[in-house]
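Take a look at the structure below.
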Amino acid sequence: MGKEFVSIGLTNPKSTSNVGSVMRAAGCYQVDQVLYSGSRYDRAAKMSTDTKKATSSIPLINIESLGVDNLIEAVDTDTKIVCVDLIQGATPLPAFNHPEKALYIFGPEDGTIGQKIVDRADFVVFVPTVGCMNLAASVNVLLYDRLAKSARAFAGDELIRQSKDVNNNVKVRPNACK
């Protein structure tokens, strides 16, 4: 088995707050790169919600700078393409088995993934909610589902110590939870 590699693909995102929140999620869930298409995001000046500064360690790449026309062409041929959106005929996320190497493509906040991309995808999944979530929430749920179904889900106190805020000194006391 090869190395796990996770990419997030954003279709013409418009909101800097959503992209910033996607970058924060990418850092929390150890995503390898975030790709995006379109020019709306480039017009924005700052990602104020990337409070962990994930962009300093996770590439955020406009695919046009790579000289490709769509998100699928920005990854190698071993990467499975997974479209994530409310698309008829899609597989509910709880029933989905994540591929080792994946590009998860999400639609824009005010639209959906184009039919040509969906037709080329290896998988199409949706989060079974009533109504639609925003872009950043959808990315977080997808990445959490991937984590929950992996061996990394069984982490312990060492991960908590590495991840928690310096102001968090709370511990579960023996016999406290019954």
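Annotations for the structure displayed:
- Flag for Arg146 being open to solvent by 80 Å² or more (accessible area, probe 1.4 Å), within 22 Å of Cys28 (Cβ to Cβ) and under 17 Å from the mean Cα position of the chain (by Cα): no
- Filtered by the rule that a residue be open to solvent by 50 Å² or more (accessible area, probe 1.4 Å) and farther than 21 Å from Val31 by Cβ, segment 108-129 gives Asp110, Thr112, Gln115, Lys116, Asp119, Arg120, Pro128, Thr129.
- Filtering segment 149-160 to residues that are over 17 Å from the mean Cα position of the chain (by Cα), open to solvent by less than 90 Å² (accessible area, probe 1.4 Å) and either under 16 Å from Gly107 (Cβ atoms) or of a type outside the set (A, V, I, L, M, F, W, C) (or both) leaves only Gly156.
- In segment 16-42, the residues that are within 20 Å of Thr112 (Cβ to Cβ) reach residues that are assigned to a helix (DSSP H, G or I) and open to solvent by 20 Å² or more (accessible area, probe 1.4 Å) with C-beta atoms within less than 6 angstrom, at least six apart or across chains, in these pairs: Val19/Tyr41; Leu35/Ala74.
- Taking the numbered list (1) among the basic types (Lys, Arg); (2) surrounded by 12 or more Cβ atoms within 10 Å (Cβ to Cβ); (3) more than 17 Å from the chain's Cα centre (by Cα) in turn, Lys80 passes all entries but (3).
- Within segment 130-143, considering residues that are modelled with pLDDT of 95 or more and among the polar types (S, T, N, Q), the one surrounded by the most Cβ atoms within 10 Å (Cβ to Cβ): Ser138
- Within segment 13-58, the residues that satisfy the criterion of being open to solvent by less than 50 Å² (accessible area, probe 1.4 Å), modelled with pLDDT under 90, of a type in the set (S, T, N, Q) and farther than 23 Å from Asp145 by Cα are Ser15, Thr16.
The values are calculated or read from the model by the stated rules, or taken from the named source; none is laboratory data. Fair warning: this is a prediction, and the values are worked out from it, not measured in the lab. Neighbour counts run over all protein chains shown; Cβ positions are idealised from the backbone, glycine included. Ligands, DNA and RNA are stripped out before the accessible areas are found, and what is left, the full protein with its side chains, is counted by its heavy atoms. Shrake-Rupley method; radii C 1.70, N 1.55, O 1.52, S 1.80 Å.
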